[in-house]
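S.K.: There's a structure below that I have some questions on.
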Amino acid sequence: MESVLFSVQLVQNILINNNSASAKSHVQNREGGVVMDASDYCGATKKPEGKYEAMTICFILGIGSLVSWNSMLTIGDYYYTLFPKYHPARVLTLVYQPVAIGTMIILAYYESKINTRKRNLAGFTLFFVSIFFVLVVDLATSGKGGIGPYIGICVLAACFGIADAQVEGGMVGDLCFMCPEFIQSYLAGLAASGALISVLRMVTKAAFEKSNNGLRKGAILFLAISSFIELVCIFLYAIYFTKLPIVKYYRSKAALEGSKTVAADLAAAGISTKTKDQGGDDDKQQERLSNKRLFLENLDYAVDLFFIYAVTLSIFPGFLYENTGTHGLGTWYSVVLIAMYNVVDLISRYIPLVPWLKLESRKALLIAVFSRFLLIPAFYFTAKYGDQGWMIFLTSFLGLTNGYLTVCVLTVAPRGYKGPEQNALGNLLVLCLLSGICAGAVLDWLWIIGNGTF
C-alpha cells in the first residue's frame, strides 16, 4: 500500500514539474519573439511598463503631426516677400483644409476596416516627402517668386492636408483607447510643433536679419530641421512605439473587444489576434455602436471642437499677418504674435493635468466654447484702436483657451466606451476639429472685405 501511494505521489510530482517547465518555456517564447496571443498578453497580471516612454514618444509624434504645416505658416513673412499679391497665409490654409477634411471624411467612414499602422506610417512618410519638396522648390527656384513656384507650394500644402487627416485621425483614434495621459501628450506635441517652429523662426530671423537673403536662409534652415523631425517620427512609430509593453497591453485589450485596426501593430510586436473562425470572442462582446449613434451621443463634444477651431482659425494666422496694422516692433510684430499664440497654446495643454483645473462638465465646456466668440469683436477693436501690448495679450488668450479646451474635450469624450468605439469616436471628433479649421479658414477672408482686393 505504501509503495502504491509513493508511486502516485511520484507521478503527481512529475506532472507538476512538466507543467511548470511548459509554463516557463511559454514565457521564454514570448520574450524570445515567438508569436503570442492577445488574450494572453492582456490577461497578464504584471502591470504594463513603459508609460513615461510612451508619453514621450506621443509628444514627439504630436510634433511630427503638425511641424510641416506649422513650418509653412511660420515662414509666412518670407512667403509674403515672394508672393505679396497672393495672400499666402490665407490661400495655403484654404488649400490645405478642404483636402484634409475630404480625406478625413473617407477615413472616418471606413475607420473600422483601415489598417492603423499603414495609415499612420503613410501619413508621416507623406509629411516627410512633402516638406522635403517644399525645400527643393525653394532651392530649385533660388528663392524667386512667381505663379509657378506658388502653385507648386499650394500642391504641397494639399499633400499636407492628406497626411494630416491620416496621422491626426489615426493617432487620436488609436490613443483614445489608451490612458488619457497619452492623448494629452500627443495634443501637447501638436502645440509644441508650433512653439518650436516659432522659436526657431525668431532665432533665425535675428541671426540672419542683416545678412543678404536673411529670411530665405532662416526658412531653409528650419525646413531642413522639419524634414529631419518627420524622418525621426517614421522610425519611432514603426519600430519603438509599437513594442512598448503598455502600448501592447492597450492594443491587446482593444483587439479582445473587437477592434480590427490594431492587428498589424500587434503583429509587428509579435502578438497574434484571433479571428471569429479561430475561436475568438463571441459576437456579443464584439458588437459596437454605430458611427451615427456615437456621433449623436457626443454631439456637444463635436460642436465644442468645431467652434473652438472655427473661432481660432478665423483669427490665426491670416488676421495676425495682414490686419493688425504697423507698430513699433516693425517686421517682428507678426512673428512675435504667432510665437506668443503657439507658446501659450502649448502651456495651456498641460493645465488639465491638474485635476481641479480640468473642466469636465459638458455644459461648462459648451459655455466656455461659445464665450470665445467675444474674441472676434475684441480683436477687431484692438486692431483698430489698441496698441501692440493689448494685441499680444489677446493673441495669448486665444492660444490659452484653444489648447486648454481641446485637451479637456478629447480626454473626457472617450470615457465609458469600448476600444473600437473609442477609436471610431476619436476619428469623428478629429473630423469635427478639421471641419472647424476649414470653416475658420473661410471666415478669415471676411477680415479683408473693404481692405483691398485679392
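S.K.: Quick one: is V369 hydrophobic (A, V, I, L, M, F, W, C), assigned to a helix (DSSP H, G or I), on the phi < 0 side of the Ramachandran plot and touching a Lys or Arg at 6+ places or on another chain (Cβ under 6 Å)?
M.R.: Spelling it out, it is not the case that V369 is hydrophobic (A, V, I, L, M, F, W, C), assigned to a helix (DSSP H, G or I), on the phi < 0 side of the Ramachandran plot and touching a Lys or Arg at 6+ places or on another chain (Cβ under 6 Å).
S.K.: Identify, please: which residue in the range 356-387 is over 25 Å from P414 (Cβ atoms) and among the aliphatic types (A, V, I, L, M) and is, among those, surrounded by the fewest Cβ atoms within 10 Å (Cβ to Cβ)?
M.R.: Per the stated criteria, the residue is L374.
S.K.: Is there a residue being part of a loop (DSSP other than H, G, I, E, B), open to solvent by 50 Å² or more (accessible area, probe 1.4 Å), charged (D, E, K, R) and at pLDDT below 80 anywhere in the range 312-332?
M.R.: No, every residue in the range 312-332 fails to be part of a loop (DSSP other than H, G, I, E, B), open to solvent by 50 Å² or more (accessible area, probe 1.4 Å), charged (D, E, K, R) and at pLDDT below 80.
S.K.: I would also like to ask the following. Residues to consider are A424, A364; find the one that is over 30 Å from P88 (Cβ atoms), hydrophobic (A, V, I, L, M, F, W, C), modelled with pLDDT of 85 or more and in contact with a Lys or Arg (Cβ under 8 Å, 6 or more places away or on another chain).
M.R.: Just one listed residue meets the conditions, A424.
S.K.: Moving on. Please verify whether the range 333-355 includes one or more residues that are surrounded by fewer than 15 Cβ atoms within 10 Å (Cβ to Cβ), in a helix (DSSP H, G or I) and modelled with pLDDT under 95.
M.R.: Yes, there is a match, as at least one residue in the range 333-355 is surrounded by fewer than 15 Cβ atoms within 10 Å (Cβ to Cβ), in a helix (DSSP H, G or I) and modelled with pLDDT under 95.
Every residue, every condition in (1) under 15 Å from the mean Cα position of the chain (by Cα); (2) hydrophobic (A, V, I, L, M, F, W, C), yes or no:
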| position | (1), (2) |
| --- | --- |
| A368 | no, yes |
| P377 | no, no |
| T382 | no, no |
| G389 | no, no |
| V407 | yes, yes |
| A413 | no, yes |
| L429 | yes, yes |
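S.K.: Would a scan of the range 219-227 turn up a residue that is within 24 Å of the chain's Cα centre (by Cα), modelled with pLDDT of 90 or more, of a type outside the set (A, V, I, L, M) and surrounded by fewer than 18 Cβ atoms within 10 Å (Cβ to Cβ)?
M.R.: No: zero hits.
S.K.: If you don't mind, another one. Looking at the range 52-68, can you tell me whether even one residue there is part of a helix (DSSP H, G or I), modelled with pLDDT under 85, out of contact with any strand residue (DSSP E or B) (no Cβ under 8 Å at 6 or more places or on another chain) and of a type outside the set (D, E)?
M.R.: There is no residue in the range 52-68 that is part of a helix (DSSP H, G or I), modelled with pLDDT under 85, out of contact with any strand residue (DSSP E or B) (no Cβ under 8 Å at 6 or more places or on another chain) and of a type outside the set (D, E).
S.K.: Right, another one. Among the residues of the range 388-406, which ones are of a type in the set (V, I, T), at pLDDT 90 or above and open to solvent by 10 Å² or more (accessible area, probe 1.4 Å)?
M.R.: T401
S.K.: Considering only residues of the range 104-118 that are open to solvent by less than 30 Å² (accessible area, probe 1.4 Å) and modelled with pLDDT of 90 or more, which is nearest to E421 (Cα to Cα)?
M.R.: The extreme case among them is A108.
S.K.: Taking the options Y249, Y237, name whichever one is closer than 17 Å to I63 by Cα and aromatic (F, W, Y).
M.R.: Sole residue among the options that is closer than 17 Å to I63 by Cα and aromatic (F, W, Y): Y237.
S.K.: Against the condition of a type in the set (F, W, Y), surrounded by fewer than 24 Cβ atoms within 10 Å (Cβ to Cβ) and under 30 Å from M178 (Cα atoms), how does Y417 come out, does it pass?
M.R.: The answer is yes for Y417.
S.K.: Do you know which of the residues in the range 76-103 that are over 14 Å from I162 (Cβ atoms) and β-branched (V, I, T) is modelled with the highest pLDDT?
M.R.: Applying the filter and picking the extreme gives V91.
The values are calculated or read from the model by the stated rules, or taken from the named source; none is laboratory data. Keep in mind that what you see is a predicted model, and the values were worked out from it rather than measured. Note that we place each Cβ from the backbone using ideal geometry, even for glycine, and neighbour counts take in every protein chain shown. The protein model used for the area step is the full one, side chains on, heavy atoms only, and it has no ligands, DNA or RNA in it. Shrake-Rupley method; radii C 1.70, N 1.55, O 1.52, S 1.80 Å.
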